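Structure, as structure tokens:
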Amino acid sequence: MNLVRHPAKFSDVLLPIFEDVSNKYFPYGKILDPFAGTGEKIKKLFGDRVVTLEIEPEWAFMQNDVQGDATQLPFRNENFQAILTSITYGNRMADCHNARDSSRRNTYTHVIGHNLHDNNTGKMNWGKKYRDMHALAWKECCRVLKPSGYIVLNISNHIRKGKEIDVSGWHRDLIVSWGLTLQEEILVPTPRLRYGANSNLRVDNEKVIIFQKETQ
């Protein structure tokens, strides 16, 4: 299978933060990344501790990840000490239309070169379908997470029609509503992609949000 680059890898500035969070909250135990992309950076950071899952085979098999769907995780209940992942933001990287001009497109669909899987959130702009799909995925993540385990979420808001969309707040509130406790929210200034006509309209940071599952 040909190697296909991924358009949205972890920013390098996040890696020491993930390492610090792991040392603080879950220094031992298995970690799952259910939206792994190529899984390259997280595997280098955590080695055999991490199991990575990706829905598109081109990216899944680059690091011997599990190919699968985050809304139907192929793992038993209470199997992981932590979920650590970066999800799609519902921004214009989800665009899948054919370009009408020669401007650069760095979207999931344009980079992989074919239509994405129906359940790939990389094709979903912010809206009901995006929210419904992630709600199913978070339900599955809670199922496979051990009691007292942690969810570590990397997420960012984005600008749409000149207004900041509170994507991170929506995910945070949903996860808390299911009984997990918000432990920490870390604001991380990161370099952002600067392509397209609205390249000057970017949120200049990402967030790392940590939750803990209740013990039973």
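Read-outs throughout are calculated quantities, based only on the coordinates presented, and are distinct from any laboratory measurement. Only a predicted model underlies this, so the values are computations on that prediction, with no experimental measurement involved. Here the Cβ is made from the backbone with ideal geometry for all residues, glycine too, and neighbour counts use every protein chain on show.
Ordered by the number of other Cβ atoms lying within 10 Å of each residue's own Cβ, fewest first, 56, 164, 206 fall into the sequence 164, 56, 206.
Using a cut-off of 28 Å between Cα atoms, the listed pairs 30/129; 44/163; 44/207 include 30/129; 44/163 as exceeding that distance.
Just to confirm a number: summing +1 for Lys and Arg and -1 for Asp and Glu over residues other than residue 138 whose beta-carbon lies under 12 angstrom from that of residue 138, what do you get? It works out to a net charge of +2. The Cβ shell under 10 Å around residue 171 holds other residues with a net charge of +1, Lys and Arg each +1, Asp and Glu each -1. Phi angles across region 21-34 convert, under the Karplus curve 6.51 cos²θ - 1.76 cosθ + 1.60 with θ = phi - 60°, into 3J(HN,Hα) values of 4, 4, 4, 7, 10, 9, x, 10, x, 7, 10, 10, 10, x Hz, Gly and Pro given as x. For residue 206, the residues whose modelled amide H falls within less than 5 Å of its own, excluding neighbours fewer than 5 places apart on the same chain, are 188, 190.
Taking amide hydrogens as placed 1.01 Å from N in the peptide plane, the amide H of residue 124 sits under 5 Å from that of no residue at least 5 positions away in sequence or on another chain.
Cα to Cα, under 18 Å, and not fewer than 8 places away if on the same chain: which aspartates and glutamates meet these conditions relative to residue 161? Cα-Cα hits under 18 Å: 95, 204.
Close amide H pairs (under 5 Å, H built 1.01 Å from N) link residue 32 with 51, 82, 83, 84, residues at least 5 positions away or on another chain. For region 14-85, the extents of the C-alpha atoms along the principal axes are 33, 26, 17 Å, listed from largest to smallest.
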